[in-house]
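Taking it in order: structure first as structure tokens, then the write-up.
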Amino acid sequence: MKKSFRNIYIAAALAMMAGGMQSCSLDEENPGGFTLEDLATQEAGFQELVNQCYFAMERYFYGTDGFMEMTEGDTDLWTACANDDKTNQQYFWFFAGASPNTTYTNNLWNGIYDGVGACNTVLANADKAKAFLSEEELNGKIAEARFMRAIYYFNAVEQFGAVTLNLEQSYTANYSPSRTEPMEIYRQLIIPDLEYAVQWLGKGTDDLCTTPTKKAALGFLAKACLQTYEYGTTEFLQKGMDAAQQLIADCESGGAKYGAYMYADYADVFKEDNNWANKEALWKHRWYAGSNGHGSSNGNWKLNRNVEKFLCTLNKFGAREDNQQQRISWDTSYQGIFMPTQHLLSLYVQADGTLDPRFHQSFTTEWVANKEYTWKNADDVAVWGKSQNLIGQRINVSEKAIKIIMPQDADYAAEKANMANSPYLVVDYKAVYDDAKKNVIMTNAAGNENQFRYFYPSLNKHNSSRWYVANSSKMRNGNLNATFMMRMAEVYLIAAELDIYLNGGADAMKYINKVRTRANATSLGGTATVRTVLDERGRELCGEYSRFYDLKRTGMLKNSSYLQETHPDLAKYFDPNYALRPISTTFTATIANGAEYQNPGY
């Protein structure tokens with residue numbers, strides 16, 4: 001984790017550099033006459049300026065509370081827990097027909113411009129570091145700042161569209177900011193910054209924390225170039241393909257040049273022992289907490305939050321409880337909010353009727369009891385469709401408590417036939433999802449609430465048993481835990497999509513099948529289409545900060561028929577304007593041209 005400033009003057013100065021685009025006070029005094037320029041004249045001080053480029057990223061982006069919702073929510077892959085359109089409306093339901101919430105983007109908006117301001121500070125004061133850094137060392141520090149600035153702006157334009165472009169350090173708050181169109185921001189900043197990072201960042205090692213390396217820059221250059229296709233241009237597609245192919249060539253030749261790597265077994269990608277120094281990750285963020293000597297700049301309540309997002313509501317069944325004294329691992333933890341849609345689960349059903357192996361490796365479907373439970377009476381067993389013969393039977397702690405069964409599972413028929421007599425709760429996929437209507441079953445045959453909808457396959461990519469526990473109210477997934485912002489498998493899928501746009505897809509299936517073969521999934525034949533890639537990205541990358549951008553790039557967030565096909569409950573609230581998020585009204589209320597600055601539809 002990068003060390004952050006605690007100096008109130010620095011925070012205020014960075015706020016001013018952001019052009020007034022965040023909520024920090026600009027009225028702090030500086031009685032000692034200390035300036036950022038002074039700080040940049042010392043090696044340790046200049047490094048502090050570089051470190052500050054990362055602070056907003058660790059505070060508001062990957063792995064933090066809210067960013068997973070901004071990048072995976074409101075898509076075809078996820079619905080709110082139990083398909084409840086009354087909760088988390090802004091993230092899963094396009095506001096569910098209610099008036100749009102225009103303040104939930106505050107943290108992301110503020111974080112973007114705090115981060116951009118910090119990066120611009122480094123770039124504006126880089127010349128002062130020539131006194132103590134070699135040219136190569138200095139260019140490496142500049143490359144860090146430019147890489148981070150590119151990532152901030154990449155997320156800015158993909159979330160908000162046209163935004164204010166700040167290329168230089170500024171101490172003056174701008175109360176009538178203009179907006180620059182996304183493609184101009186790609187041309188002037190995102191692509192050039194990433195190209196500079198490719199040139200000057202080092203190879204690094206897998207032990208590095210958030211500090212980007214050359215392979216991270218190449219990966220994000222390929223990703224950014226592909227994303228520009230959303231804006232009706234092919235200008236950067238070949239550049240993106242070149243970057244992707246450089247990484248692929250390095251990966252397939254042993255990684256000597258960039259350290260590119262893809263695990264031979266998909267199960268190893270998210271294996272806990274591989275998390276800290278994950279070889280497949282192109283860029284990752286790690287958290288430190290407790291007494292391991294590293295400390296935490298944000299406190300343990302700001303550690304990795306992804307682990308809290310995906311667990312179904314296990315404590316709806318009596319053999320499970322959310323006991324804070326036991327809350328030291330994922331499956332005794334917080335109830336999640338991300339429920340897979342029927343469409344996401346259907347993507348794992350292969351042409352021969354079997355399940356893609358990634359399904360059971362990526363989703364947990366079985367849990368043991370963490371509380372002793374006895375089937376008590378007729379009403380008790382009736383709720384779950386159990387036989388009265390179970391009355392009086394007990395489930396002990398650590399015995400099987402809940403099992404979700406999929407029609408494609410080898411033991412599906414046997415489990416279904418015995419589900420009334422099994423002491424543990426058996427949840428049939430068909431009791432949760434309606435394949436004909438492509439949605440979640442909300443009520444049972446009697447017209448009562450369907451209790452089974454609270455139990456669903458729960459994404460386990462972000463799981464960890466390595467929790468930091470300061471007290472029962474501030475437990476977070478922290479020690480020895482990382483989240484991957486991008487990994488090598490995505491590069492193959494980027495290359496596949498680019499090949500479709502550039503060459504009609506002659507080699508696209510080769511790239512797709514590289515990912516599928518690694519997963520022991522059935523290889524696909526024929527000519528790949530954009531939908532082929534989109535579906536494969538769903539299988540491989542669900543829950544990895546990509547889907548909202550994928551649907552934007554491929555036009556699916558402006559295609560009501562696609563959402564009607566894949567997530568009809570979400571399609572009810574479809575509005576093409578929602579392909580962009582609302583710009584925080586906390587910000588627009590402070591500028592003179594707030595009404596015209598806001599995105600349409602809000």
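The values are calculated or read from the model by the stated rules, or taken from the named source; none is laboratory data. Predicted, not measured: the structure shown is a model, and the values here were computed from it. Cβ sites come from the backbone with ideal geometry, for glycine too, and all protein chains shown count toward neighbours. Accessible surface is based on the protein model in full, side chains and every heavy atom, while ligands, DNA and RNA are left aside. Shrake-Rupley method; radii C 1.70, N 1.55, O 1.52, S 1.80 Å.
Just the Kirkwood number for the stretch 512-602, please: inverse of mean 1/r across all distinct Cα pairs, in Å, one decimal.
After inverting the pairwise mean of 1/r, the radius is 15.8 Å.
Within the stretch 242-261, name every residue whose backbone N is under 12 Å away from a label modeled 7 Å from Cα of residue 503 along the Cβ vector.
In the stretch 242-261, the label zone of residue 503 (backbone N under 12 Å from the point 7 Å along Cα→Cβ) covers 242, 245.
Could you name the aspartates and glutamates whose alpha carbon sits less than 16 Å from that of residue 416, not counting residues in the same chain fewer than 8 places away?
In chain and number order, the partners are 366, 428.
Under 24 Å Cα-Cα from residue 128, which lysines qualify once same-chain neighbours fewer than 8 residues away are excluded?
Leaving aside lysines fewer than 8 places away in the same chain, those within reach of residue 128 are 2, 3, 141.
Which loop-located trypsin sites (Lys or Arg not before Pro) does the stretch 332-430 contain, where loop means any DSSP state but H, G, I, E or B and the Cβ has at most 14 other Cβ atoms within 10 Å?
For trypsin sites (Lys or Arg not before Pro) across the stretch 332-430 that sit outside H, G, I, E and B with at most 14 neighbouring Cβ atoms in 10 Å, the list reads 376.
Given the rule -39500 (n - 2.57) for each run of at least 4 DSSP H residues, summed and divided by the residues of the chain, what is its mean residue ellipticity at 222 nm, to the nearest 500 deg cm²/dmol?
-10500 deg cm²/dmol
How many Å² of accessible area per residue for the chain, probe 1.4 Å?
So the chain comes to 37 Å² accessible per residue, rounded to a whole number.
I want the local charge near residue 225. Using Cβ-Cβ distances under 12 Å, sum +1 for each Lys or Arg and -1 for each Asp or Glu among the other residues.
Once positives and negatives cancel, what remains is -1.
For the pairs 223/284; 316/400; 284/514, note any where the Cα-Cα span goes beyond 18 Å.
284/514
Of 86/279; 403/437; 510/572, which sit over 30 Å apart, Cα to Cα?
Long pairs (Cα-Cα over 30 Å): 86/279; 510/572.
Sorting 554, 121, 41 by accessible area (1.4 Å probe), largest first, what list results?
41, 554, 121
Can you list which of the chymotrypsin sites (Phe, Trp or Tyr not before Pro) found in the stretch 117-190 are DSSP loop residues with at most 14 other C-beta atoms within 10 Å?
Counting only loop positions with at most 14 other Cβ atoms within 10 Å, the chymotrypsin sites (Phe, Trp or Tyr not before Pro) in the stretch 117-190 are 132, 171, 175.
Let me check I've understood the local charge: for residue 411, count other residues with C-beta under 12 angstrom from its C-beta, Lys and Arg +1, Asp and Glu -1. What total comes out?
-1
Give me the net charge of residue 130's neighbourhood, meaning all other residues with Cβ under 15 Å from the Cβ of residue 130; Lys, Arg count +1, Asp, Glu -1.
Around residue 130, the surrounding residues sum to -4.
What is the Cα centroid distance between the stretch 132-165 and the stretch 536-602, reported in whole angstrom?
Between the Cα centre of the stretch 132-165 and that of the stretch 536-602, the gap is 25 Å.
Work out which GluC sites (Glu not before Pro) in the chain are exposed loop sites (DSSP not H, G, I, E or B, at most 10 other Cβ within 10 Å) and give the longest gap free of them.
It works out to 169-602.
What angle do you read, to the nearest 10 degrees and between 0 and 90, between the alpha-carbon axis of helix 530-541 and the longest principal axis of the chain?
The two axes meet at around 80 degrees.
Can you send over the solvent-accessible area of residue 360, 1.4 Å probe, protein chains only, in Å² to the nearest 10?
90
Carbon and sulfur: what percent of the stretch 126-263's accessible surface (1.4 Å probe)?
C and S atoms contribute 47 percent here.
With Rg and Dmax of the Cα atoms in Å as the read-out, I listed [x] 39.1, 133; [y] 24.3, 73; [z] 24.8, 82; which label goes with the value calculated from this structure?
Calculated Rg and Dmax of the Cα atoms in Å: the matching label is [z].
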